[in-house]
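Down below is the structure, laid out as structure tokens.
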Amino acid sequence: MPPDSTAAPAPVRVLSGIQPTGRFHWGNYFGAIRQYIDLQAAGESFYFIADLHALTTVREPARLRALVRDAALDLVALGLDPEQAALFVQSDVPEVTELTWLLMTVTPMGLLERCHAYKDKKSRGIAADAGLFTYPVLMSADILAYDATVVPVGEDQVQHIEVCRDLAGTFNHLYGEVFTLPKPRLVDSGARVPGTDGQKMSKSYDNTLDVFEDLPAQKKKIMRITTDSRPLEDPKDPADDQLFALYSLVAPEPERQAMAALYQRGGFGYGEVKKALVTAAADYFSAARSRRAALAADAGRIEAILEAGAARARQKAGAVLARARQACGLSRGYGSGRQA
Ligand code: ADP
Ligand code: TRP
């Protein structure tokens, strides 16, 4: 039965992955993670920590292991409910890497040459490996392995979803309706979170406020946020101030409005805003911090969550892989029995 059949409305199956290449910062949370978590109730959902993708940049095994565990703890602390959504580590589902190969055989080189992760590195003269070059194919396998219909991503990932749709379409055209074509769900692109220096917040610019950062360290960073040097008496437009943008993310609405009025009135100092930001940030993430501490102290709990998530994921991915193997002439039957 073709999974993309028009006979009945397709079930909503949400999938997203996030690379464990550093501790999560506010850009990751407000720009991506928060929206992913909000979608967990929309239908069956799968969320994974993309450690195979991270291998193209993190080359220290102990660090990778720690980042994967931290990412899992962070996600659950931030509200991902492992009862509702399957939370797992990408490499715990080997079906996906096998599926990557099947997709690779229908991937035109030119398609990958146009993908920005590779193109950007190349244009900056950085040597790319085949892992980075074929990254969008692994990402496609991630999506297709679970018959995902909705893939919440940031703007930077939309091109990869297009690649995924392209590859799935080619495979289906050659071998029959094997794969479900996913749709990207662009998460609020207006929420481009500025960093402490005013550029886009990114770990590459060393300008991040991390979600679970030690509070005194975070306070120091906030107090050093770059501001303009206009005289304090002048009214300021809150809309083009990065300090206000950060404050708006974490302050309760009435306080945000009061702060906007203060900007418009003038006669205040950025130091006051920074102090208010320190307090609002601590309050905003305080419950998540406590949940994270409790979870981290509960020996074996996060590993058990990831194991259960992987078992659910492998069940689904095994069935899809069997379908794909069968369709392209590989399977002599043993593929269909693959499961966790
Ligand atoms: P970084 O730029 O720190 O390397 P990633 O590229 O790992 O961050 O980001 C993972 C996801 O988090 C991206 O897909 C993007 O949607 C989101 N994201 C990252 N930084 C920001 C930001 N400053 N504003 C909004 N969203 C962001
Ligand atoms: N490439 C994504 C990123 O860097 C992470 C990712 C890997 C992903 N596989 C995915 C996202 C599948 C959505 C679906 O942010």
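Residues of segment 90-99 that are open to solvent by 40 Å² or more (accessible area, probe 1.4 Å) and charged (D, E, K, R): ASP92, GLU98. Being open to solvent by 30 Å² or more (accessible area, probe 1.4 Å), closer than 25 Å to VAL193 by Cα and modelled with pLDDT under 95 is a condition met by at least one residue of segment 124-136. Within segment 9-24, residues that are on the phi < 0 side of the Ramachandran plot sit with their Cβ atoms under 9 Å from residues that are among the basic types (Lys, Arg) and at pLDDT 95 or above, at 6+ positions apart or across chains, in these pairs: ARG13/LYS316; PRO20/ARG69. Checking segment 269-277 against the condition returns a match, with at least one residue being modelled with pLDDT under 95 and not in a helix (DSSP H, G or I). Being among the aliphatic types (A, V, I, L, M), touching a strand residue (DSSP E or B) at 6+ places or on another chain (Cβ under 9 Å), free of Cβ contacts under 8 Å to residues at least 60 places away in the same chain and more than 14 Å from LYS275 (Cα to Cα) holds for only one residue in ALA245, ALA261, and it is ALA245. Among the residues of this structure, LYS221 does not count as one that is open to solvent by 50 Å² or more (accessible area, probe 1.4 Å), within 15 Å of ligand 2 (Cβ to nearest atom) and either farther than 23 Å from GLY43 by Cα or touching a Ser or Thr at 6+ places or on another chain (Cβ under 6 Å) (or both).
Screening ASN172 with (1) open to solvent by less than 30 Å² (accessible area, probe 1.4 Å); (2) outside the structural domain of LEU39 (by TED's automatic domain parsing); (3) assigned to a helix (DSSP H, G or I) gives one miss only, at (2). Residues that are surrounded by 19 or more Cβ atoms within 10 Å (Cβ to Cβ), in a loop (DSSP other than H, G, I, E, B) and touching an Asp or Glu at 6+ places or on another chain (Cβ under 8 Å) do not occur anywhere in segment 226-238. Taking the conditions exactly as written (away from ligand 1 (no atom under 12 Å from the Cβ), open to solvent by less than 80 Å² (accessible area, probe 1.4 Å) and in a loop (DSSP other than H, G, I, E, B)), does VAL163 satisfy them or not? When the stated conditions are applied, VAL163 does not pass them. When we screen LEU64, LEU80 for residues that are closer than 27 Å to LYS203 by Cα, in a helix (DSSP H, G or I) and either within 19 Å of the chain's Cα centre (by Cα) or touching a residue at least 60 places away in the same chain (Cβ under 8 Å) (or both), the only hit is LEU64. Taking every residue in segment 87-106 that is part of a helix (DSSP H, G or I) and pairing it with any residue that is of a type in the set (S, T, N, Q) and open to solvent by less than 50 Å² (accessible area, probe 1.4 Å), at least 6 positions away or on another chain, the pairs with Cβ-Cβ distances below 7 Å are VAL96/GLN90; LEU103/SER140; MET104/THR134.
When each of LEU102, LEU87, LEU75 is tested for being touching a Gly at 6+ places or on another chain (Cβ under 8 Å), of a type in the set (A, V, I, L, M, F, W, C) and crowded, with 18+ Cβ neighbours inside 10 Å, the lone residue that passes is LEU87.
Taking the conditions exactly as written (within 16 Å of ligand 1 (Cβ to nearest atom), assigned to a helix (DSSP H, G or I), acidic (Asp, Glu) and over 26 Å from GLN326 (Cα atoms)), does ASP142 satisfy them or not? No, not satisfied.
The values are calculated or read from the model by the stated rules, or taken from the named source; none is laboratory data. This one's a predicted model, so the numbers in the text were calculated from it and none came from an experiment. For neighbour counting, all protein chains shown are included, and Cβ atoms are generated from backbone atoms with ideal geometry for every residue, glycine included. Surface accessibility is based on the protein's heavy atoms, side chains included, excluding ligands, DNA and RNA. Shrake-Rupley method; radii C 1.70, N 1.55, O 1.52, S 1.80 Å.
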